[in-house]
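What follows draws every value from the coordinates through simple rules; no lab data is involved. On a predicted model such as this, the values are computed, not experimentally measured, just so you know. Reconstructed Cβ throughout: ideal geometry from the backbone, glycine too, with neighbour counts over all protein chains shown.
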Amino acid sequence: MKNEKNIWLPILLATALAAGVLIGGSLNFDDTPRKFFSSNSKKEKLNRLVDYIEHDYVDEVNTDSIVDITVNKILEKLDPHSVYISREDRQQVSENMQGDFVGIGVSFRMYNDTLSVIRPIQGGPGIKAGIRSGDRILFADNDTLFGKHLRSRDLVDKLKGTAGTPVALKVYRKEEDTLLTLTVKRAKVPIQSVDAFYMLTDRLGYVKINRFAETTYTEFKKALDTLMRRGATQLVLDLRDNPGGYMGVAEEIADEFLERDKLILFTKNKRGEVRKAFATARGDFEDGKVFVLIDEKSASASEIVAGALQDNDKGVIVGRRSFGKGLVQREMALGDGSSVRLTVSRYYTPTGRSIQRSYDKGIDDYYHQFYERYHNGELVTADSIHVNDSLKFTTPKGRVVYGGGGIVPDVFIPLNTSLEEEALNYVLENGFLSYFAFEYLDKNRSLYSGYNEDEFVETVDIGDDLIEEFIKYGKRNRAIVGVDFSRIDFSPYEDSLKKYIKATIAEQLYGPDAYTRIVNTGDHAISKVIELSRNDNDGAEVDNSNAEKLEIKKD
């Protein structure tokens, strides 16, 4: 287990970030890419090589795959965030950033080789047609949706289609032991980027954003307006685990907190052209206090918001040092359905700092630097954070901030790195707990039929018997969980385990808002913010610099 302790956390962090920067790289400060066509012998060399392989090589070769590999290798030599998006992946990535897709609107998983509905999505056509959690969808227009050979992507393709077109579904409803025929008219289905919003105290609101997509500002504004009507004069903006997204959306959200003409950020390209983004007069929370939660997986647009508020002496940044991505990408089509997101400029926070980490030694070293944060203790103790004193900047009110490697928080919250907690995190990250919750609800869904979301969150308790059932389930399904449960003593962390089991059940019953509300119970960062909120009587400002407050190390 000791060796596993050293491996699990950096792997989990790296996996989340690797997926995140692909999405987080989509920062659109300019939607009109320039096209350059020129005759160049070196460019022609690549074209000729592919032609020779295609026509003369002794074996049949998929030249498309060769081109894809070549493009990826070229981009790897540039920087870590210029990425190639294949034709197959482009639609999925685009939908994720657009904030919606056309389909039947269900969250599902393959359970015992059958498409099983976890939850119909609120606002989607499936729930209107009568699809329920636990339903098994067996056929779609006579296409079979069960069997070991089917991949999730194949199933999605069968259920997606043109908006307004009907699809006839054969659905088995286990609780009624009956086969139903339901016709669903495909429509746009929202992909929520605001996971949750609710009141933490009578004056402190909370909003969690999971990425910066096209619809994020609209979702955020709706949440903010609702919280303000409920009496929020302070706000927690939770950007933990948020890999980024569109720059323009980050600017809009920062604008809600900053007074007119305050600089949000500026960008600079290779020709020295500078673009500045300023706050407008439309911000609705300019007089409110804001606390921004960040961690090592907060990147890109998340860092834009945190940096803009920190550099303008607005708000308190709470958590751990962010990822450190200060590059801007523009998506450019390659003519065959694929595209490239190419780094076209750097962005700088209002004080003039770039928070981009160095990638001079290549991509492997770049991500190794990230792993080192775990090994050098930075995620556990504030005094292990290393900053470059030559990259020191000062805000208008005298706060000391640093460039060169992410946003350093004003208030540090350590990561829990105990062995059992890491094992639990691994179980959560690989989806195993979600499998358990689905099977549990499949047998016990009727137990919660009389609860609404608030009642479930506030009154339902998870007993010791369910903990024992979960551990037995883990031992029986070691191949799925990837951890030997027989070697883990979860007894010191039963409260955490109960919380996550309850949250996962709630998510499958009600959605991500319920999950977030439960998980946040006892969260150290949120507890700290509530304490700061109650103690702060004259504005969400930080009296001392990061260096004084955190005792960080200077290189």
Percent RCO, i.e. relative contact order, over the range 419-521, from Cα pairs under 8 Å lying at least 6 residues apart: 37
Can you tell me which lysines have their Cα less than 16 Å from the Cα of Lys392? Leave out same-chain residues fewer than eight positions away. Lys549, Lys553, Lys554
Using the Cα centre as the reference, give the magnitude of the dipole from point charges on the C-beta atoms of the range 215-341 (Lys, Arg: +1; Asp, Glu: -1; all else neutral), rounded to the nearest 20 debye. 280
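Can you give the extra length, in nm with one decimal, that the chain gains between Val61 and Ile467 once fully stretched, where that is 0.36 nm per residue apart less the Cα-Cα distance?
Numbers: separation 406, 0.36 × 406 = 146.16 nm, distance 5.31 nm.
The span from Val61 to Ile467 would gain 140.8 nm if fully extended.
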Under 5 Å between amide H atoms, partner at least 5 residues away or on a different chain: which partners does Ser345 have, H built in plane at 1.01 Å? Val328
Under a Cβ-only charge scheme (Lys and Arg +1, Asp and Glu -1), can you give me the dipole magnitude of the chain about the Cα centre, in debye to the nearest 20? 1180
Distance in nm between Ala333 and Val460 label points, each 7 Å along Cα→Cβ, equals 4.6
Using R₀ = 22 Å, calculate the FRET efficiency as 1/(1 + (r/R₀)^6) where r is the Cβ-Cβ separation of Asn269 and Ile74; round to 0.05. 0.65
Computed E for Asp141/Asp442 - FRET, C-beta separation, R0 25 angstrom, nearest 0.05: 0.45
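At 222 nm, what value in deg cm²/dmol follows for the chain if DSSP H runs of at least 4 each add -39500 (n - 2.57) and the sum is divided by all its residues, to the nearest 500?
Rounded to the nearest 500, the figure is -12000 deg cm²/dmol.
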Modelled label-to-label distance, Ile53 and Asp157, 7 Å Cα→beta-carbon offset: nm? 2.4
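So for each of 233-241, 189-197 I average, over its residues, the number of other beta carbons within 10 Å; can you give me the resulting order with the highest mean first?
So the peptides 233-241, 189-197, ranked by packing, come out 233-241, 189-197.
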The relative contact order of the chain, taking Cα pairs under 8 Å that sit 6 or more residues apart, comes to a percentage of 15
Selected from Ala250, Thr504, Tyr57, residue furthest toward positive end of dipole (the chain; charges at beta carbon): Tyr57
Hey, can you rank 266-278, 333-345 by average C-beta count inside 10 Å, highest first? 333-345, 266-278
Between Ile127, Leu391, Ala333, whose Cα lies farthest towards the positive end of the dipole of the chain when Lys and Arg beta carbons carry +1 and Asp and Glu beta carbons carry -1, centred on the Cα centre? Ala333
Which aspartates and glutamates have a Cα less than 20 Å from the Cα of Lys128, not counting those fewer than 8 places away in the same chain? Asp100, Asp141, Glu175, Glu176, Glu453, Glu507
Once the dipole of the range 100-190 is set up with Lys and Arg at +1 and Asp and Glu at -1 on Cβ about the Cα centre, which of Val117, Phe146, Leu182 lies farthest towards its positive end? Val117
P(r) of the chain in 10 Å steps, Cα pairs, percent per bin? 3, 16, 25, 27, 19, 8, 2, 0
Can you compute the charge dipole magnitude of the range 100-190 about its Cα centre, using +1 on each Lys and Arg Cβ and -1 on each Asp and Glu Cβ, nothing else charged? Give it in debye, rounded to the nearest 20. 200
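Here are some pairs, Lys158/Lys443; Lys188/Lys289; Lys208/Lys397; which of them have Cα atoms lying more than 30 Å apart in this structure? Mind showing how you got there, number by number?
Numbers: Lys158/Lys443 28 Å; Lys188/Lys289 36 Å; Lys208/Lys397 28 Å.
From the list (Lys158/Lys443; Lys188/Lys289; Lys208/Lys397), the Cα-Cα distance tops 30 Å for Lys188/Lys289.
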Note: probe point = Cα of Gln98 + 7 Å toward Cβ; backbone nitrogen < 17 Å; residues of the range 109-152 passing the test are 124-125
Any aspartates and glutamates whose Cα falls less than 16 Å from that of Lys174, other than same-chain ones fewer than 8 residues away, would be Asp113, Asp135, Glu439, Asp442
Taking R0 as 30 Å, what's the FRET efficiency between His524 and Thr226 from their Cβ-Cβ distance, rounded to 0.05? 0.70
